[in-house]
Amino acid sequence: YLVESGGGLVQAGGSLRLSCAASGRTSRNFQVGWFRQAPGKEREFVACISWRGGSAYYAESVKGRFTISRDNVKNTVYLQISSLKLEDTAVYYCAASFSSGVFTTEENAHYWGQGTQVTVSS
């Protein structure tokens, strides 16, 4: 299963690092993605990373500000968020996928974390 941490309240322009710790079936190769859901909106793709960490993809809205990385020894994926904007306020979820192809859609998720709240204040 997946457990997110690192969310909180931060001022606009600030930074946070979210963590997603995986346990259980970590012997299988899997991609990890971050998604977020803002109040009143549908959940959307933020970023994903391949099993070995060699490939990462980002939503256009976060390119240049968010960085996804993974440590397979610790079974943890990180999302470094910089230059936070008010519109980044959301619950951030990590998810794991055993599917092939780039993991950018919820339909390919096999496991979800419980989410961590990120609130950006002005």
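The test for being of a type in the set (A, V, I, L, M, F, W, C), surrounded by fewer than 17 Cβ atoms within 10 Å (Cβ to Cβ) and under 14 Å from LEU79 (Cα atoms) does not hold for ALA12.
Restricting the first member to the range 69-87 and to residues that are farther than 30 Å from SER122 by Cα, and the second to residues that are among the small types (Gly, Ala, Ser) and at pLDDT 95 or above, the beta-carbon pairs closer than 7 Å and six or more apart or on different chains are THR76/SER19. Residue count for the range 1-48, restricted to those that are closer than 21 Å to THR119 by Cα and among the polar types (S, T, N, Q): 5.
Among residues of the range 33-52 that are under 15 Å from SER97 (Cα atoms) and part of a loop (DSSP other than H, G, I, E, B), none has a Cβ under 7 angstrom from a residue that is among the basic types (Lys, Arg) and open to solvent by less than 20 Å² (accessible area, probe 1.4 Å) at a sequence gap of 6+ or on a separate chain. Applying the condition of being of a type in the set (Ser, Thr, Tyr) and open to solvent by 40 Å² or more (accessible area, probe 1.4 Å) to the range 21-69 and asking which residue is farthest from VAL3 (Cα to Cα) yields SER61. For the range 70-83, taking the residues that are more than 14 Å from ALA96 (Cα to Cα) and either open to solvent by 40 Å² or more (accessible area, probe 1.4 Å) or of a type in the set (Lys, Arg) (or both), the one that is farthest from the chain's Cα centre (by Cα) is identified as VAL73. Out of the residues in the range 92-117 that are among the hydroxyl-bearing types (Ser, Thr, Tyr) and either open to solvent by less than 50 Å² (accessible area, probe 1.4 Å) or in a strand (DSSP E or B) (or both), state the one that is farthest from LEU18 (Cα to Cα). This residue is SER99.
The values are calculated or read from the model by the stated rules, or taken from the named source; none is laboratory data. This one's a predicted model, so the numbers in the text were calculated from it and none came from an experiment. Here Cβ is always computed from backbone atoms with ideal geometry, including for glycine, and neighbour counts include all displayed protein chains. Note: accessible area is taken over every heavy atom of the protein model, side chains too, but ligands, DNA and RNA are not part of it. Shrake-Rupley method; radii C 1.70, N 1.55, O 1.52, S 1.80 Å.
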